[in-house]
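S.K.: Before I ask anything, here is the structure I am working with.
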Amino acid sequence: MRAIIIGAGRGQRLMPTTANAPKCFAEIRGKRILDWTVEALTAGGVTDVCFIGGYRIEAVQRDYPDFVFRDNRDWANNNILVSLMCAEDLMDRPFVATYADILYTSDIVAKLVASRADIALGIDTDWRTHYQPRTQHPPQDAEKSITMNGRVERVQRSIPYDDANGEFMGLAKFSERGGELLREHYHRRRRECWDKPYREAAQFQKAYLIHLFQDMIEQGIEFGHADTHGQYREIDTQEDLNLAQKDWRL
């Protein structure tokens with residue numbers, strides 16, 4: 001199982017921490033976010049890592065020479081969906097895709113790796129607790145989900161707070177077939193929507209992963225899921241960084 005870490009963006013909301021370093025170098029309890037990520041992935045069954053970089057990619061290349069790298073040179077003008085596809089050539093076998101600014105444990109990685117679904121999303125079922133102290137990242141910004149009978153029915157920010165039973169963590173597993181489905185649907189929508197609005201994004205190149213995921217769900221593609229109950233944190237702001245210093249536990 002391969003991992004593709006999506007870490008091209010600057011993380012402007014985490015300034016001044018990201019003034020001269022990539023966002024994934026921010027430290028939580030004496031360890032970089034990236035190190036927490038690699039430890040969870042490795043213990044969960046991942047055998048090699050690709051890092052998609054952009055802002056300060058040279059720092060990651062220097063400190064993590066064992067990674068395979070893909071460079072999103074236009075990172076300032078696109079978003080996480082387009083960024084992921086910079087590693088399209090490595091999607092020829094099963095892989096886990098992960099945001100580079102999140103904390104999670106090996107348990108959820110192992111569950112995703114073991115999932116029989118062609119595409120499975122990591123879901124935090126304790127997401128409301130996570131959001132209670134976050135004054136700079138309100139619940140309406142959460143990538144909320146509705147799951148039922150082992151399937152993801154919806155994954156959208158616009159899901160009403162009371163209807164959501166989880167949040168997409170930014171961690172997803174794809175079988176070989178799942179990777180094919182991802183690429184096929186991406187290129188279809190790219191041809192149709194480049195430089196045009198795409199779902200909630202002003203332009204296709206500014207779309208998030210969940211925009212394509214929800215599109216695929218509506219086209220009848222099944223998404224499974226694996227759950228964690230609170231063993232997840234997103235580090236988007238300096239407030240998030242401070243909160244994680246206090247309460248992140250394995």
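S.K.: Which residues, counting only those in the stretch 115-130, are open to solvent by 10 Å² or more (accessible area, probe 1.4 Å) and either touching a Phe, Trp or Tyr at 6+ places or on another chain (Cβ under 9 Å) or within 24 Å of residue 51 (Cβ to Cβ) (or both)?
M.R.: Once the filter is applied, which keeps residues that are open to solvent by 10 Å² or more (accessible area, probe 1.4 Å) and either touching a Phe, Trp or Tyr at 6+ places or on another chain (Cβ under 9 Å) or within 24 Å of residue 51 (Cβ to Cβ) (or both), the stretch 115-130 yields 115, 117, 118, 126, 128, 130.
S.K.: Next up: Only one of (1) under 19 Å from the mean Cα position of the chain (by Cα); (2) modelled with pLDDT of 95 or more; (3) open to solvent by 60 Å² or more (accessible area, probe 1.4 Å); (4) not aromatic (Phe, Trp, Tyr) is not met by residue 60, so which one is it?
M.R.: The failed condition is (3).
S.K.: Within the stretch 188-224, can you find the residues that are farther than 18 Å from residue 75 by Cβ, part of a loop (DSSP other than H, G, I, E, B) and open to solvent by 10 Å² or more (accessible area, probe 1.4 Å)?
M.R.: The answer is 196, 197, 199, 200, 219, 220, 221, 222.
S.K.: Still on this structure: Does the stretch 160-176 contain any residue that is out of contact with any strand residue (DSSP E or B) (no Cβ under 7 Å at 6 or more places or on another chain) and open to solvent by less than 30 Å² (accessible area, probe 1.4 Å)?
M.R.: Among the residues of the stretch 160-176, at least one is out of contact with any strand residue (DSSP E or B) (no Cβ under 7 Å at 6 or more places or on another chain) and open to solvent by less than 30 Å² (accessible area, probe 1.4 Å), which makes the answer yes.
S.K.: For the stretch 154-187, which positions are of a type outside the set (Phe, Trp, Tyr), in a loop (DSSP other than H, G, I, E, B) and more than 19 Å from residue 86 (Cα to Cα)? If you could, list the steps in order and put the result at the bottom.
M.R.: Step one: of the stretch 154-187, the residues of a type outside the set (Phe, Trp, Tyr) are 154-160, 162-167, 169-173, 175-185, 187.
Checking the rest, the ones that are also in a loop (DSSP other than H, G, I, E, B) come to 156-160, 162-165, 175.
Listed by number, the residues that qualify are 156, 157, 158, 159, 160, 162, 163, 164, 165.
S.K.: Residues in the stretch 232-248 that are closer than 18 Å to residue 100 by Cβ, of a type outside the set (A, V, I, L, M, F, W, C) and outside any strand (DSSP E or B): how many?
M.R.: Keep residues of the stretch 232-248 that are closer than 18 Å to residue 100 by Cβ, which gives 232-238, 240-241, 244, 248.
Narrowing the set further to residues that are of a type outside the set (A, V, I, L, M, F, W, C) leaves 232-234, 236-238, 240.
Those left that are additionally outside any strand (DSSP E or B): 236-238, 240.
Residues meeting the conditions: 4.
S.K.: How about the stretch 25-43: which of its residues are touching a strand residue (DSSP E or B) at 6+ places or on another chain (Cβ under 6 Å) and either over 14 Å from residue 244 (Cα atoms) or at pLDDT below 90 (or both)?
M.R.: 25, 40, 41
S.K.: While we're looking at this one, here's another question. On the basis of being in contact with a His (Cβ under 6 Å, 6 or more places away or on another chain), at negative phi and of a type outside the set (Val, Ile, Thr), does residue 169 make the cut? Talk me through it step by step, then tell me what you get.
M.R.: Working: in contact with a His (Cβ under 6 Å, 6 or more places away or on another chain): no; at negative phi: yes; of a type outside the set (Val, Ile, Thr): yes.
Considered against the rule, which asks whether it is in contact with a His (Cβ under 6 Å, 6 or more places away or on another chain), at negative phi and of a type outside the set (Val, Ile, Thr), residue 169 comes out as no.
S.K.: Determine the pairs where a residue that is closer than 29 Å to residue 117 by Cα, located within the stretch 226-239, has a partner that is open to solvent by 50 Å² or more (accessible area, probe 1.4 Å) with Cβ atoms under 7 Å apart, the partner being 6 or more residues away or on another chain.
M.R.: 226/111; 227/125; 228/107; 229/125; 230/129; 231/107
S.K.: Just checking, does the stretch 145-158 include any residue being without any contact (Cβ under 8 Å) to a residue 24 or more places away in the chain, over 19 Å from residue 104 (Cβ atoms) and open to solvent by 40 Å² or more (accessible area, probe 1.4 Å)?
M.R.: Scanning the stretch 145-158 turns up at least one residue that is without any contact (Cβ under 8 Å) to a residue 24 or more places away in the chain, over 19 Å from residue 104 (Cβ atoms) and open to solvent by 40 Å² or more (accessible area, probe 1.4 Å).
S.K.: Pairs under 6 Å by beta carbon, first residue of a type in the set (Lys, Arg) in the stretch 81-94, partner part of a helix (DSSP H, G or I) and buried (at least 21 other Cβ atoms within 10 Å of the Cβ), six or more apart or different chains?
M.R.: Taking only residues 6 or more apart or on different chains, not a single pair turns up.
S.K.: Of the residues 42, 105, 47, only one is open to solvent by 70 Å² or more (accessible area, probe 1.4 Å) and within 18 Å of the chain's Cα centre (by Cα); which?
M.R.: Details: 105 fails: open to solvent by 70 Å² or more (accessible area, probe 1.4 Å); 47 fails: within 18 Å of the chain's Cα centre (by Cα).
Just a single option satisfies the conditions, and that option is 42.
S.K.: Check the stretch 227-239 and report whether any residue there is basic (Lys, Arg), over 21 Å from residue 147 (Cα atoms) and either surrounded by fewer than 16 Cβ atoms within 10 Å (Cβ to Cβ) or touching a Phe, Trp or Tyr at 6+ places or on another chain (Cβ under 8 Å) (or both).
M.R.: No: the stretch 227-239 contains no residue that is basic (Lys, Arg), over 21 Å from residue 147 (Cα atoms) and either surrounded by fewer than 16 Cβ atoms within 10 Å (Cβ to Cβ) or touching a Phe, Trp or Tyr at 6+ places or on another chain (Cβ under 8 Å) (or both).
S.K.: From the list 73, 93, exactly one residue is under 26 Å from residue 198 (Cβ atoms), open to solvent by 40 Å² or more (accessible area, probe 1.4 Å), of a type in the set (D, E, K, R) and part of a loop (DSSP other than H, G, I, E, B). Which is it?
M.R.: 73
The values are calculated or read from the model by the stated rules, or taken from the named source; none is laboratory data. Keep in mind the model is a prediction, meaning the values are calculated, not measured. Here the Cβ is made from the backbone with ideal geometry for all residues, glycine too, and neighbour counts use every protein chain on show. Just the protein is used for accessible areas: all its heavy atoms, side chains included, with ligands, DNA and RNA removed. Shrake-Rupley method; radii C 1.70, N 1.55, O 1.52, S 1.80 Å.
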